[in-house]
Amino acid sequence: MSALPIPQVTAGSVYDLTPELFLRRGVEAVLLDLDNTLAPYSQHQAPPALRNWIDRLRAAGLTPFLLSNNRGERPAEFARALGIGYAKRAGKPGTAALFRVLKELGKTPEQAALVGDQVYTDVLCARRAGVLAVLVRPISMKNPLLALRYGAEAPFRLLARGRAERIGKCTEAKP
């Protein structure tokens, strides 16, 4: 476990992440952030491409699960549309909800990955819990407050980039 929010894997989007990437790392459960990771904040429907990507994960034997800090009904709506489980109000970077989900799924931290767009919530949560930390580029930067938040994350994004090797369209930080 690491207190430094440096992801082990980075990608342009979730669509760059293949089931093989997870399986090669021993991952069985793929925990997914919602806002600006799977869909922009303003989108309330799961697009067909996202449903297809989730289906590819499931077909490979992976268990996708939505782990969101969102407090509204959007996580439930997306999870239902995707046919996956969810936990809202996860409190990331805290790890309590993540560990509850892993227990529910019967998985260890070594068997899980957390995919998200934010360093100080998603990546830090993953690293603190000992799960594979996967950072994707935010879908939308239209909100100026979000742009400031992502700007504050730049040093850790650069550290990840500097230690990364290229794997297809995504990069994976060297251990």
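Size descriptors for region 3-137: radius of gyration and Dmax over Cα atoms are 13.1, 36 Å. What the Cα convex hull of region 1-81 gives, in volume per residue, is 111 Å³.
With the gyration tensor restricted to C-alpha atoms of region 1-46, the semi-axes of the equivalent ellipsoid amount to 22, 15, 10 Å, longest first. What the phi angles of region 96-103 give under the Karplus curve with 6.51, -1.76 and 1.60, with θ = phi - 60°, is a coupling list of 4, 5, 4, 5, 4, 5, 4, 4 Hz, glycine and proline written as x.
Read the figures in this text as sums done on the coordinates, not as results from a lab. The structure displayed is predicted, hence computed values, not measured ones.
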